[in-house]
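The values are calculated or read from the model by the stated rules, or taken from the named source; none is laboratory data. Please read these numbers as outputs of a predicted model, since none were measured by experiment. Using ideal geometry, Cβ is built from the backbone for each residue, glycine included, and neighbour counts are taken over all protein chains shown. Heavy atoms of the whole protein, side chains included, go into the accessibility calculation; ligands, DNA and RNA do not. Shrake-Rupley method; radii C 1.70, N 1.55, O 1.52, S 1.80 Å.
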Amino acid sequence: MSQNFLVDGRALDLVVKAAAPDGLVLEPGSGEGALTRALAEAGARVVGYEIDPRLAGRLASQTRDDPRIDVVRGDFAAARPPREPFAVVGNIPYSATSKIVRWCLRAPALTSATLVTQVEYARKRTGDYGRWSLVTVESWPWFDWRLGDRIGRESFRPVPSVDSAILRIERRPEPLVGSRRDYQRLVELGFGGVGGSLRASLRTRYEGVDAALAAAGIARGAVVGHVHPDQWLVLSDRLLR
């Protein structure tokens, strides 16, 4: 099932430190349970999801007397989010990364997600390449995205072909914009590629685009991927009045 287990104690410590677990924590892909146990020892109440029935059964048997751990046999991405505040922490399969991130962003009670992902994915989502993706910009008013420590491929068994990194997604105390629908409509238009530049795309629907670009410090010919999420907040404030 393309599982790469995190076996390095130092790397596990980095994940737990980044997550700062407290209260209810859902773990996608518990595997052999190394991170599951580390989260519980740090004070979390862990619900671990494991799709592999053999691994799930073994971990459930090993932790049956630990009230801090509950193992669920099944697909995390198909689970119903808890109504109470909760965090997600996990060393997740590369192939399921986008699906799990979408699940987290849609969960109303999620407080944070601390995920071990392919390093390239984490860098792309946090703007580390100098470019910003649609999913990050679209969710920015509600979530802060941060790139954490890098975890080398040698920390996993079997050893994958690429390194990983800790991706931290944290819900903001208050949204940075008023209307989710209007903001996301603005962003989706900008990333739609109409006209070849952000300016050309936005001018198909909004008035005062040049003044808004100037206020945000965005060049008229700027490519949409180079626009920082904070600049989108200025555009939103100017164009959605």
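Checking Ala122, Ala165, Ala107 one by one, the residue that is without any contact (Cβ under 8 Å) to a residue 40 or more places away in the chain and open to solvent by less than 20 Å² (accessible area, probe 1.4 Å) is Ala107 and no other. Only residues that are under 20 Å from Val15 (Cβ atoms) and either of a type in the set (Phe, Trp, Tyr) or part of a helix (DSSP H, G or I) (or both) were counted across region 125-146, and they come to 3.
What residue, of Phe76, Phe5, is open to solvent by 40 Å² or more (accessible area, probe 1.4 Å), touching a Phe, Trp or Tyr at 6+ places or on another chain (Cβ under 9 Å) and of a type in the set (Phe, Trp, Tyr)? Quick ask: steps written out before the conclusion?
On the way: Phe76 fails: open to solvent by 40 Å² or more (accessible area, probe 1.4 Å).
Phe5 is the lone residue from the list that is open to solvent by 40 Å² or more (accessible area, probe 1.4 Å), touching a Phe, Trp or Tyr at 6+ places or on another chain (Cβ under 9 Å) and of a type in the set (Phe, Trp, Tyr).
In the set Arg64, Arg54, only one residue is within 20 Å of Pro158 (Cβ to Cβ), surrounded by fewer than 16 Cβ atoms within 10 Å (Cβ to Cβ) and at pLDDT 95 or above; that residue is Arg54.
When region 192-229 is filtered for residues that are in contact (Cβ under 8 Å) with a residue 40 or more places away in the chain, open to solvent by 20 Å² or more (accessible area, probe 1.4 Å) and assigned to a helix (DSSP H, G or I), only His226 remains. Go through the residues of region 180-191 one by one and say whether even a single one is open to solvent by less than 50 Å² (accessible area, probe 1.4 Å) and in a loop (DSSP other than H, G, I, E, B). The answer is no; no qualifying residue exists.
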